[in-house]
1. Among 77, 121, which is in contact with a Ser or Thr (Cβ under 9 Å, 6 or more places away or on another chain), under 18 Å from residue 164 (Cβ atoms) and assigned by TED's automatic domain parsing to the domain that holds residue 176?
2. Residue check: is residue 568 surrounded by fewer than 19 Cβ atoms within 10 Å (Cβ to Cβ) and either part of a loop (DSSP other than H, G, I, E, B) or in contact with a helix residue (DSSP H, G or I) (Cβ under 6 Å, 6 or more places away or on another chain) (or both)?
3. Can you tell me which residues in the range 263-279 are at pLDDT below 95 and surrounded by fewer than 16 Cβ atoms within 10 Å (Cβ to Cβ)?
4. Select from the range 303-325 the residues that are assigned to a helix (DSSP H, G or I) and among the small types (Gly, Ala, Ser) and list them in ascending order.
5. Name every residue in the range 198-223 that is part of a loop (DSSP other than H, G, I, E, B) and either modelled with pLDDT of 95 or more or out of contact with any helix residue (DSSP H, G or I) (no Cβ under 9 Å at 6 or more places or on another chain) (or both), in order of residue number.
6. If you check 60, 32, 39, 52, which single one turns out to be among the small types (Gly, Ala, Ser), in the same structural domain as residue 81 (by TED's automatic domain parsing), modelled with pLDDT of 95 or more and more than 25 Å from residue 182 (Cβ to Cβ)?
7. Being part of a loop (DSSP other than H, G, I, E, B), crowded, with 21+ Cβ neighbours inside 10 Å and more than 25 Å from the chain's Cα centre (by Cα) is the filter; apply it to the range 491-537 and report the residue that is modelled with the lowest pLDDT.
8. Being over 26 Å from residue 448 (Cβ atoms), of a type outside the set (Phe, Trp, Tyr) and crowded, with 16+ Cβ neighbours inside 10 Å: is that true of residue 551 here?
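The values are calculated or read from the model by the stated rules, or taken from the named source; none is laboratory data. Values in this document were obtained by computation on a predicted structure and should not be read as measured data. No Cβ is skipped: glycine too gets one built from the backbone with ideal geometry, and neighbour counts run over all protein chains shown.
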Amino acid sequence: MEPETDYIEPKGVGTLHRLFLERVRRSPDAPAYRQYDYARQAWQTFSWQETADAVRRWQAALAGEGLGRGDTVAVMLPNSWQWVLFDQAALALGLVVVPLYTSDRPDNVAYILDDCGARLLILEQAETWHAIQRGGHRLNALQRVVVTRGMAPADDQGAVTALQVWLERATEDEALPEPPRDGHALASIVYTSGSTGRPKGVMLSHHNMLENAHAGLQRIAIYPDDLFLSFLPLSHTLERTIGYYLPIMTGSTVAYARSVPDLPEDLATHRPTALVSVPRIYERVYGRIQEGLREKSPLARRLFHSAVNVGWQRYQRGQGLRGWHPKELGWPLLNKLVAGKVTARLGGRLRVAISGGAPLSRDVAQLFLSLGVPVLEGYGLTETSPVIAVNTLEDNRPGTVGKPLPGVEVRIGEQDELQVRGPNVMLGYWNNPEATRAALDREGWLHTGDQARLDEAGRITITGRLKEIIVMANGEKVPPADMELAIANDPVFEQVMVVGEGRPYLGALVVLNEAAWPGVARAHGLPEAIGAAREDPQVEACLLSRVADLLHAFPGYAQVRRLRVLPEPWSVDNAMLTPTLKLKRAQITHQFHDELEALYAGHASPAGASGQSGQ
């Protein structure tokens, strides 16, 4: 017998803050949020009513700033109860919330604050604010900066204030205005981390995000006793809509993970039933499993592969794709010895694990599904609040992103581009009518820039990006992201970018995993130090052999013939990755021009070709 649901319908509340107030009314004493208190060295739980009382205090502090409805305020905090308090307090006053990545570069943050005209910014440390000030923007609109950790520094205008001081200044006895009711009003401007150029501000309404969360619940049931472990940044729209607003709609509890390194311990502590993540987390666990297998005995490896084989048979039978097979009789033992140990790493009671934000390797998905981890791949964009489609527990096909959510229309346009229309589609781009016209046509169809196909059942498979196709010198077209995904399945490759625009063959720039490489090096008699390995031709031959095995399913022309090992990882700090950890192809191409040219030494390069076009 399934547990009862307690969904709040969007039409009954209208706005995101009124959704929160209705949840408080329905279940005031139920647990809402868990957070680690470093001072007490213990986890704290806050009820919905306790959260509402704190929101009112923050609301009074914001009201004291003299801000008007429609003014923008920015939040640059890690996932926390404070993020929720600030967001709800701002929404209660009709303010527009601009989420910022804590990992973003200061100059990029400065650009966003300037572009959206933020009146107030809340962040952790004054040092971060000083770095933003050096970003080259005047930030004339900004009148208050609130820091949550430590004391605020002396400031000529008194604009920088410690959180506790800011809250104590507020007069809670003052009558606060009635929360807005217009669900179609602008709720948030979310800046997309484009791989080229400056980010664009996506304008999302209350209606956009409410309808998207509600549509998701019609595909995957979530219950009041579900517990989410939140670690994907709340500045990422997937976490915000599905990991924050949706649990308010269902009355579920959210625990905020301390950090990614602490994730294994936090999973064991909270034993979540629901996770929202990007593929990289699943890929890391997959990589550690593969790494560990290499050190096991042949018998242990055979046992593991048997568990995956039998588990996949059971999974496919559960999906109605196969009948029962006698080998399933061995599952209780295989589950105890193998599969149960993997699921225990994730807390042991995970009911649903959403993967979105980037493609998930089919091999990774198949391994987890075989071992009993219910990974569901979905697809969406910031511009669609963000979910467009998702697989379900009953109809889950690895390699696809499932069917569109209820109320979301999709069609395939020119060049196989996926186009989307529905209540989740953005209002447009902030201060950028030209970009809005390019993305949204007159009939309301959003041009995603992603290529896709639909099967007979209506499931979507993403096949590439219009702007991420390598056209080789022989005219063959190659989707680099698919190849990069396949290569990254080998834990020795920490990062990879495939190149070859206008070239006679494909090459790759790779970053080696510092933990995995020494073991591979010892096994082949190669240099263990990555600095020495970079210039060793035998290292390149060894790595190319591994890459060839990983790309065996690709056409003959889609094979990497040369590669270069780079000295350090790509990161947000060195401007090689976006805050959502996507490759900045143009930046990498420019930074490593000499390494790229070395890949094609002796081959003529067509004019303008520099490893990657249009990136």
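1. 77
2. Answer is yes for this residue.
3. Within the range 263-279, 264 is the sole residue that qualifies.
4. Those that are assigned to a helix (DSSP H, G or I) and among the small types (Gly, Ala, Ser): 306, 307, 311, 318.
5. 218, 219, 220, 221, 222, 223
6. Among 60, 32, 39, 52, only 32 is among the small types (Gly, Ala, Ser), in the same structural domain as residue 81 (by TED's automatic domain parsing), modelled with pLDDT of 95 or more and more than 25 Å from residue 182 (Cβ to Cβ).
7. Restricting to residues being part of a loop (DSSP other than H, G, I, E, B), crowded, with 21+ Cβ neighbours inside 10 Å and more than 25 Å from the chain's Cα centre (by Cα), the top hit is 503.
8. In short, yes.
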